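These notes concern the structure reproduced below.
The values are calculated or read from the model by the stated rules, or taken from the named source; none is laboratory data. None of these values were measured; they are calculated from a predicted model. In this analysis, Cβ positions are derived from the backbone assuming ideal geometry, glycine residues included, and neighbour counts consider all displayed protein chains.
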Amino acid sequence: MSTIALLAKLPAAEGKGGELAEAFKAAFEHVNKEAGTRMYVLHVDAANADVLWVYELYENQDAANAHMGADWFGPFSMSLAPFMGGRPELMFLTPLGGKGL
């Protein structure tokens, strides 16, 4: 199987970007334990502090499925709801090459 990447755009409610970012950090303790998760990086949009981006890189589809199906993932997602300003936009990608792969 090939490497799987995901770019997620998380729109925060107006003025809630910082709170969304802080709440999101709870995921890091979990993903640090996931063997198939290579990268899981939270970014703030340089032009809009109420937009966060998450770049995820998984060894394969099974690893991505394990992450999204983990017991902690559902409650974590629900914990972000008070800070969200809309639905996340998910873009699934297939890396072709580059540094860090």
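Residues to consider are 59, 14; find the one that is on the phi < 0 side of the Ramachandran plot, surrounded by fewer than 14 Cβ atoms within 10 Å (Cβ to Cβ) and more than 9 Å from the chain's Cα centre (by Cα).
14
Can you pull out every residue in segment 64-88 that is under 15 Å from residue 13 (Cβ atoms), out of contact with any Pro (no Cβ under 6 Å at 6 or more places or on another chain) and exposed (fewer than 13 other Cβ atoms within 10 Å of the Cβ)?
81, 82, 87
Taking segment 17-42 only, how many residues are of a type in the set (D, E, K, R), farther than 20 Å from residue 90 by Cβ and either assigned to a loop (DSSP other than H, G, I, E, B) or at pLDDT below 95 (or both)?
Matching residues across segment 17-42 total 1.
I'm checking my understanding of the structure. Among residues of segment 22-36 that are surrounded by 14 or more Cβ atoms within 10 Å (Cβ to Cβ) and within 11 Å of the chain's Cα centre (by Cα), which one is farthest from residue 78 (Cα to Cα)?
The residue in question is 31.
Find the residue count for segment 60-79, including only residues that are part of a loop (DSSP other than H, G, I, E, B) and closer than 25 Å to residue 101 by Cβ.
Final tally of qualifying residues: 3.
A quick yes/no check of all residues on (1) outside any helix (DSSP H, G or I); (2) more than 16 Å from residue 2 (Cα to Cα); (3) touching a Cys at 6+ places or on another chain (Cβ under 6 Å); (4) modelled with pLDDT under 95:
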site	(1), (2), (3), (4)
50	yes, yes, no, no
57	yes, no, no, no
82	no, yes, no, no
100	yes, no, no, yes
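Look through segment 37-49, keep the residues that are exposed (fewer than 14 other Cβ atoms within 10 Å of the Cβ) and more than 13 Å from the chain's Cα centre (by Cα), and return whichever of them is nearest to residue 84 (Cα to Cα).
Of everything passing the filter in segment 37-49, 48 is nearest to residue 84 (Cα to Cα).
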